[in-house]
1. Sort Arg145, Arg178 by heavy-atom solvent-accessible area, probe 1.4 angstrom, most to least.
2. Would you mind classifying segment 77-127 by shape? Square roots of the alpha carbon gyration tensor eigenvalues, ordered a ≥ b ≥ c; an a/c under 1.5 is rounded, otherwise it is prolate if a/b is larger than b/c and oblate if not.
3. For segment 134-190 and segment 42-115, compute the distance between their C-alpha centroids and round to whole Å.
4. Once you order the gyration tensor axes a ≥ b ≥ c over the Cα atoms, which shape class does segment 26-163 get: rounded for a/c under 1.5, otherwise prolate or oblate by comparing a/b with b/c?
5. Would you mind getting the accessible area per residue of segment 103-223, heavy atoms of the protein chains only, 1.4 Å probe, in Å²?
6. Quick one: ranking Trp109, Trp204 by accessible area, 1.4 Å probe, largest first, what do you get?
7. Mind grabbing the accessible area of Asp154 for me, 1.4 Å probe, Å², rounded to tens?
8. Cβ neighbours within 10 Å, averaged per peptide: list 184-190, 134-140 in order, most packed at the top.
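The values are calculated or read from the model by the stated rules, or taken from the named source; none is laboratory data. This one's a predicted model, so the numbers in the text were calculated from it and none came from an experiment. No Cβ is skipped: glycine too gets one built from the backbone with ideal geometry, and neighbour counts run over all protein chains shown. Side chains included, ligands, DNA and RNA excluded: accessible areas come from the protein's heavy atoms. Shrake-Rupley method; radii C 1.70, N 1.55, O 1.52, S 1.80 Å.
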Amino acid sequence: MVELALAYSPPPCPALDAILAQNEDSLPCSDDRPMPDARAQADPLDYSRDSIRYHLRHMSDRVAVDSDMFVYYVGRDRGGRPVRASVAPDVFVVFGVPDRQDRKSYVLWCEPDADIRFVLEIASPSTRTHDHTAKRDVYASLGVREYFLFDTPDGEKPAGLLGLCLSDGSYREIASVRLPDGQAGIPSEVTGLVGYVESGRLRWFDPESGEALVTYAEAKDQQAAIEQRFRQEARHRRDAEARIAELEAALRERGGDAGA
């Protein structure tokens, strides 16, 4: 006698169903709380987000770079029951989704193709312990391939950069490399950049171009210097043309005098 194999039907779970019914439009996109150490965190956050986004701009149809935005996922409470959980990485790179300007948050159960491969946390004195422990565990559980931590300087500790790569479910430190100027940097395979610390500031180096990615202020200074050089060259050109015109006029006048 052949017994029929019945398809497994999981028991109903109202709590999970309620979670899965929520989406980007129904979930909060902000907790209305400022960054704990905004002055120390804002510059490296903005610079890193903009630099990485610019570097990966040719992949914007399938790779998104965002910052300080909620990522929602299904977690578990102490009793093993499903709960809605969230984390807000300072800077993160998500493969499998387009870079949308109108995005409010990432709801992972609604976007199964969203693959968070890189996270950077700007660890200030008030967040450092949490960033190095609890958040590290969360990102490992979400399968984030690379986790970088930039420790902002304070009165007791200088700035530092740590790069971690996920291996068999836990993070291992990424070995440093030498940049052309001889200082140490930490390579990110996901972004294709090398992070390093210079004069207490987080910087990103592009091995392909052989140059460091500039900050917004540096880009403005460079543009201003280029425009000033163009103005100087234009002024020199006008002066030269005026001098040539004077010489030509003098030659014509001298030639007229000789003919007389």
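1. On the way: Arg145 90, Arg178 175 Å².
Most to least solvent-accessible, the answer reads Arg178, Arg145.
2. Working: a/c = 2.11, a/b = 1.07, b/c = 1.97.
Note, shape of segment 77-127 comes out oblate.
3. Each part reduced to its Cα centre gives a spacing of 18 Å.
4. oblate
5. It amounts to 50 Å² per residue over segment 103-223.
6. Details: Trp109 55, Trp204 0 Å².
Greatest to least solvent exposure: Trp109, Trp204.
7. 50 Å²
8. Numbers: 184-190: 18.9, 134-140: 17.1.
In decreasing order of mean packing, 184-190, 134-140 become 184-190, 134-140.
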